[in-house]
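Scroll down for the structure; my scribbles are underneath it.
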Amino acid sequence: MGKESKMDKDMNDLKDKEAGEKDRDPGGLNKKPKLKALNPMIFLVVIILLCAIASYVVPAGSFARVTNAATGGEVVDPGSFQYMARTPVSVFAVLMSVTQGMQNAAYIIFFLLIIGGTFAIMDATGAINAGMANVIRKTRGRELLMIPICMIIFGCGSAFCGNFEEFLAFVPLVLACCFTMGFDSLTAVGIIFCAASAGYGGAMTNAFTVGVAQSIAGLPLFSGIALRSVLFVCLLTVSILYVMWHAYRVKKNPQSSSVYEYDMLHAHEHLIDIDYMPKVTTRCKLVLIVFVGGIAYTVYGIIVKKYYIDELSAIFLAIGILGGLVGGLKPSKICDEFLKGCTNMLFPCVMIGLANAAIVILKSANIMDTIIYALSGLLNNLPPSIMACGMFILQDVLNVLVPSGSGQAAVTMPLMAPLSDMLGVTRQTAVLAFQMGSTFTDVLAPTSGEILAALAMCKTPYGKWIRYLLPLFCMWCLIAFAFLIYAVKTAYGPF
């Protein structure tokens, strides 16, 4: 039985179940209202409103910013915090924060639109589905092997190159593979972003987190890499085993998935029938060459040429245009499919804008620095090992407010570096606490636009993702505590 026919059977079973319940209660007198998943936009609106209310409650304050000689960027002066008159946001300012948030995240939003358009064009050629169907058909019975292979690739991309939001480009592809192999949408998101989080947490040459933080702390660039490499292996291994365990359970019993009914509603849009797909024609091979070649150049550009969003957008745009032309699509058809793909990305783009709106409010109300100042004060007079763990927890909390790794380093490391000196913790340990704390909540916090975008692309409820991730998040934290305590006991350095 093909995968698509199995999916049809599951959907028919759901319909039969509903029909049976209706027959038993034709009047609907005993029918309980079925809970509908809360639109995640509502959740973000609540976050925005809470931030607006906080502007009337939390005292305003700010640190002075100075230029760091090592990085050339602005960092806070740790001894310069001063309170100021409250600057609460008005209702009109709250409404404006939405468009300001979208403007701040415009680079990611337009990247997503181009990704959506490109994949829609490639899908219209039929080549991607035909190619994946052949690969998946050959791996029947060994589907779980795809998970560690993909996660190692994604994890290394984050650990060495600092890739994260770039991985949004692979969500449609991984989702289609997971559905066809009998996994669920949680597995698809987990393969990409659990690996990315493990890579960031154990980053070895990530210039955006370790590089910036060590420069601010005055440490040699990428020093202490031996311990971080062990940390990366531990985090990635635990993440792979967790995602594989969940995928195995879902494949064995699809209804055990907490997103089973949600996936049933949308899986047909991504499912590949590996039994009845047409053969890979010469035209399909040309499209696949364009696609694989474009992805290979993307990896090369990220690693060697240090490409970022603008360059990657150009590459994916070229993939879409060239793939459509060699795939036999007329120019008008290419345009139609591109617009259709952009439409599919509208919801993730709005989610990213709303997530950034909350940050806009905290900054415009001048309460973000106050929150950072108050939280950093909690670490004073703690024993070294507990303080190191406290730094990690503090960075986790602050990462909700400042999702940018380099931005968080610029704000917190000028405070954490001298604080670690006073309390007998090496600066390298403070950087280690920062790099893990500035990462783990990236896949958990509602202010992380990238994870909300990925969930929206997979049509997976945010609450379901949180329940799925929490056990793994706790394991990450235990590993973090163990490595931080070891770092304190061994005076992880050079200083």
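The values are calculated or read from the model by the stated rules, or taken from the named source; none is laboratory data. If you're wondering where the values come from, they're calculated on a predicted model, not measured in any experiment. Glycine gets a Cβ as well: all are built from the backbone with ideal geometry, and neighbour counts include every protein chain shown. Side chains are part of the model used for accessible areas, which takes the heavy atoms of the whole protein and leaves out ligands, DNA and RNA. Shrake-Rupley method; radii C 1.70, N 1.55, O 1.52, S 1.80 Å.
By what distance, in whole Å, do the Cα atoms of the stretch 389-462 stretch along each of the three principal axes, largest value first?
48, 20, 15
With a probe of 1.4 Å, find how much accessible area the stretch 154-288 has per residue, and write the answer as a whole number in Å².
Working: 4650 Å² over 135 residues.
Dividing the accessible area of the stretch 154-288 by its residue count gives 34 Å².
Can you tell me the Rg and Dmax of the chain, counting just the alpha carbons, in angstroms?
When restricted to Cα atoms, the chain yields Rg and Dmax of 24.0, 75 Å.
Working from Cα positions, state the angle (0 to 90°, nearest 10) between the long axis of helix 462-489 and the longest principal axis of the chain.
The two axes meet at around 40 degrees.
Please give the per residue accessible area of the stretch 368-495, computed with a probe of 1.4 Å over protein heavy atoms only, in Å². Could you put the intermediate results ahead of the total?
On the way: 4040 Å² over 128 residues.
I get 32 Å² per residue for the stretch 368-495.
Across the stretch 199-210, in residue order, what do the Karplus-derived ³J(HN,Hα) couplings come to in whole Hz, using 6.51 cos²θ - 1.76 cosθ + 1.60 with θ = phi - 60° and x for Gly and Pro?
In residue order, the calculated couplings are x, 5, x, x, 3, 9, 10, 7, 5, 6, 10, 4 Hz.
Please give the per residue volume of the convex hull enclosing the alpha carbon atoms of the stretch 143-226, rounded to a whole number of Å³.
On the way: hull volume 6.3 nm³, N = 84.
With only Cα atoms used, the stretch 143-226 gives 75 Å³ per residue.
Cα axis of helix 106-125 to longest principal axis of the chain: angle in degrees, 0 to 90, nearest 10?
20
So, with a 1.4 angstrom probe, what is the percent of accessible area on the stretch 154-231 that is carbon and sulfur? Working shown, then result.
Details: 1150 of 1450 Å².
Summing carbon and sulfur atoms, their accessible area is 79 percent of the total for the stretch 154-231.
Amide H neighbours of ALA60 under 5 Å, at least 5 residues apart or on other chains, H built in the peptide plane: list them.
Under 5 Å from the amide H of ALA60: MET84, ARG86, THR87.
Considering only the other residues whose Cβ falls under 13 Å of the Cβ of GLU450, what net charge follows from Lys and Arg at +1 and Asp and Glu at -1?
Numbers: positive: none; negative: GLU165, GLU166, ASP442.
Every neighbour counted, the sum reads -3.
What is the mean projected area of the alpha carbon convex hull for the stretch 370-495, to one decimal in square nanometres?
Values: hull surface 31.0 nm².
That works out to 7.7 nm², a quarter of the Cα hull's surface.
Considering only Cα-Cα distances, which of the following residue pairs are longer than 27 Å: LYS285/LYS333; LYS279/LYS306; LYS279/LYS459; LYS285/LYS340; LYS252/LYS459? Show your work: numbers first, answer last.
Working: LYS285/LYS333 20 Å; LYS279/LYS306 38 Å; LYS279/LYS459 30 Å; LYS285/LYS340 24 Å; LYS252/LYS459 22 Å.
Check vs 27 Å cut-off fails for LYS279/LYS306; LYS279/LYS459.
Using a Förster radius of 35 Å, what is the FRET efficiency between GLN255 and ILE153 based on their Cβ-Cβ separation? Nearest 0.05, please. It would help to have the intermediate numbers written out before the result.
Details: r = 31 Å, r/R0 = 0.88.
In this case the efficiency is close to 0.70.
Take the alpha-carbon positions of the stretch 57-216, form their convex hull, and give its projected area averaged over all directions (one quarter of the hull surface) in nm². Provide the component values of the computation, followed by the final result.
Values: hull surface 55.4 nm².
Directional mean of the projected Cα hull area for the stretch 57-216 stands at 13.8 nm².
What order do you get for 249-256, 320-327 when each peptide is scored by the mean count of other beta carbon atoms within 10 Å, highest first?
For the peptides 249-256, 320-327, the packing ranking is 320-327, 249-256.
Using the per-residue mean of other Cβ atoms lying within 10 Å as a proxy for protection, in what order, highest first, do the peptides 184-193, 130-139 fall? Let's see the in-between values first.
On the way: 184-193: 28.3, 130-139: 16.3.
Going by the mean number of other Cβ atoms within 10 Å, highest first, we get 184-193, 130-139.
Calculate the length of the line joining the C-alpha centroid of the stretch 328-392 to that of the stretch 60-126, in whole Å.
A separation of 8 Å, based on Cα centres.
Ordering CYS194, CYS389, CYS474 by how much accessible area each has at a 1.4 Å probe, largest first, what is the list? Could the numbers behind the result be given before it?
Details: CYS194 0, CYS389 20, CYS474 70 Å².
Putting CYS194, CYS389, CYS474 in descending order of accessible area: CYS474, CYS389, CYS194.
Would you work out what percent of the accessible area of the stretch 342-495, with all protein chains in place, is carbon or sulfur (probe 1.4 Å)? List each step's numbers first, then the result.
Values: 3390 of 4860 Å².
On the stretch 342-495, the fraction of accessible area on carbon and sulfur atoms equals 70 percent.
With only alpha-carbon pairs counted, each pair once and no self-pairs, how large is the Kirkwood hydrodynamic radius of the stretch 120-180 in angstroms?
Numbers: mean 1/r = 0.0772 Å⁻¹.
Taking the inverse mean of 1/r over all distinct Cα pairs, the stretch 120-180 comes out at 13.0 Å.
Pairing the Cα long axis of helix 225-252 with the longest principal axis of the chain, what angle in degrees results, from 0 to 90 and rounded to the nearest 10?
Approximately 30 degrees, to the nearest ten.
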